[in-house]
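Colleague: Input: one structure, supplied below.
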Amino acid sequence: MESYLFDWANLLLRWLHVITVIAWIGASFYFVWLDNHLLKPESPELKARGVDGELWAVHGGGFYNPQKYMVAPPNLPQHLHWFYWESYWTWMSGFALFVVLYLFNASSFLIDKRVHDWAPPAAIASALGFLAAGWIVYDQICRRFGVVRGPQGHRAAASAPQGESGSLGRPGTSLKDGSIGNDGLVLGLVAVFVVAAAWAACQLFAGRAAFLIVGAMIATMMSANVLFWIIPGQKQVIADMRAGRAVDPVHGQRGKQRSVHNTYFGLPVLIAMLSNHYGMLYSHAQNWLVLSVLMAAGVLVRSFFVKRHKGINSWGLVAGALALLAGLIVWMAPARQADMPAPSLAEVKAVIDQRCAACHTGPAAQKGMRLESSESIQSQAAAIYQQVVLQKTMPLNNATGITEAERALLARWFDALPR
């Protein structure tokens, strides 16, 4: 019953997480696309109302005419739709899933004693520490290197490229003191930090958990940007407008900076989360480098879309992403095995008994897969091949120490089976 309820919790939390991810990333992608497709209004009426950009679109049988004001319409509506619960629920559902799957089962999912042998409480504390430290380091990079001094010596948040995202305030402009953007340096330092974090996580945790922790760390940075910078800045701007006070443009610039960062973080987070389901990736000897290359490809792909929205020819970014992935595929390709005869079922059963039977025997067998007889092994041949040979997700964290030679033996046995 415990295993049954655990599977339901896993399914429902994962479903909720996917739904909220779609809502958050989808909204983010849409507003970046919208900002980059707005046209200057031609109507004198719109110009008089302060409309800076508009777009006509057709969808679902209706016509839409979104308009963007700089900084706000003359009469600010009382009811505004805020885009932040998508972010918060994505993080909360993901963290709940992380707790249920990894922290409650730290000895099985979080710890691989061949990587680092430590007690579950220490591993749990360190995993949580990665999430907190990621935000602290990233935020300090933005504070220290994402600001520059203008001619009068004032410090201000670095401005972001125009049109990347939608924050209140006038985006893409310098402050009155002449401060200029410094986002290239910030994102470069963040990239170095993420690679270092990937290396550290892969030295401490089971490979699958390490990939997830790095993805969760970046996702925490994204959601914290919304919680601590973007939404508070927007609320302050609105409060100033309604009170008749002058609007400090620093709020718009700070929110813009963090919103642009979130745009580029999205695809690396998604590939980190997806890749931890593929054992060939996280079980590689240089798994931290594998993850880093995958995330770099995600950044290039997202950069392509951002530039493409602006009408900039950016196919070189796609070529770069494909080159990274092709190089990764070639580098990770397994060495060709010498032709060997197919093993007997008795040889296969000997491997299964030693490496798999501990979790797949009797009524309590994991996932209901029983492998104690030759007949049951033959009936589950496709699943064994998929999980043990192709994806290398089993045995979990390779707790029983199956060797590459034994995986190859199972592969030859499966290949020889009649189809």
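Colleague: With respect to the numbered conditions (1) assigned to a loop (DSSP other than H, G, I, E, B); (2) buried (at least 18 other Cβ atoms within 10 Å of the Cβ), which one is the sole condition not fulfilled by A358?
Modeller: Checking A358 against (1) assigned to a loop (DSSP other than H, G, I, E, B); (2) buried (at least 18 other Cβ atoms within 10 Å of the Cβ), the one that fails is (2).
Colleague: Is it the case that E406 is assigned to a loop (DSSP other than H, G, I, E, B) and more than 21 Å from D7 (Cα to Cα)?
Modeller: no
Conditions (1) in contact with a Cys (Cβ under 7 Å, 6 or more places away or on another chain); (2) at pLDDT below 90; (3) open to solvent by 60 Å² or more (accessible area, probe 1.4 Å), marked per residue:
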| position | (1), (2), (3) |
| --- | --- |
| A285 | no, no, yes |
| L294 | no, no, no |
| I312 | no, no, yes |
| W315 | no, no, yes |
| G320 | no, no, no |
| M332 | no, no, no |
| P341 | no, yes, yes |
| P363 | no, yes, yes |
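Colleague: Okay, next question. For the stretch 366-410, which positions are surrounded by fewer than 18 Cβ atoms within 10 Å (Cβ to Cβ), at pLDDT 85 or above and among the hydrophobic types (A, V, I, L, M, F, W, C)?
Modeller: Within the stretch 366-410, M369, A381, A382, A383, A405, A408 meet the criteria.
Colleague: May I ask you to verify whether V269 is touching a Ser or Thr at 6+ places or on another chain (Cβ under 9 Å), free of Cβ contacts under 8 Å to residues at least 60 places away in the same chain and surrounded by 21 or more Cβ atoms within 10 Å (Cβ to Cβ)?
Modeller: no
Colleague: Could you please tell me which pairs satisfy a Cβ distance under 7 Å, a separation of 6+ or placement on different chains, a first residue in the stretch 88-112 that is within 16 Å of N276 (Cβ to Cβ), and a second residue that is open to solvent by 20 Å² or more (accessible area, probe 1.4 Å) and of a type in the set (F, W, Y)?
Modeller: L101/F109; Y102/F109; I111/W118
Colleague: Out of (1) open to solvent by 70 Å² or more (accessible area, probe 1.4 Å); (2) under 30 Å from G244 (Cβ atoms); (3) in a helix (DSSP H, G or I); (4) free of Cβ contacts under 8 Å to residues at least 40 places away in the same chain, the odd one out for W8 is which?
Modeller: (2)
Colleague: Quick check on this structure: which one of V21, V32 is touching a Leu at 6+ places or on another chain (Cβ under 9 Å) and among the hydrophobic types (A, V, I, L, M, F, W, C)?
Modeller: V21
Colleague: Okay, moving on. Give me the strands (runs of 3 or more DSSP E) completely within the stretch 37-95, filtered to those with at least 1 residues that are over 32 Å from the mean Cα position of the chain (by Cα), ordered by residue number.
Modeller: The qualifying strands (runs of 3 or more DSSP E) are 51-54, 62-64.
Colleague: Just to be sure I understand the filter: pairs with C-beta atoms under 8 Å, separated by 6 or more residues or on different chains, first member in the stretch 52-78 and more than 24 Å from V237 (Cβ to Cβ), second member surrounded by 10 or more Cβ atoms within 10 Å (Cβ to Cβ) and of a type in the set (S, T, N, Q). Which pairs pass?
Modeller: Pairs found: none.
Colleague: Quick check: is even one residue across the stretch 341-355 part of a helix (DSSP H, G or I), farther than 21 Å from A408 by Cα and out of contact with any Phe, Trp or Tyr (no Cβ under 7 Å at 6 or more places or on another chain)?
Modeller: no
Colleague: Which count do you get for residues in the stretch 235-264 that are of a type outside the set (D, E), open to solvent by 10 Å² or more (accessible area, probe 1.4 Å) and more than 17 Å from V32 (Cβ to Cβ)?
Modeller: Residues meeting the conditions: 15.
The values are calculated or read from the model by the stated rules, or taken from the named source; none is laboratory data. What you are looking at is a predicted structure, and each value in this text was computed from that prediction instead of being measured. As a convention, Cβ positions derive from the backbone with ideal geometry for all residues, glycine included, and neighbour counts pool all protein chains shown. Only protein heavy atoms, including side chains, enter the accessible area calculation; ligands, DNA and RNA are left aside. Shrake-Rupley method; radii C 1.70, N 1.55, O 1.52, S 1.80 Å.
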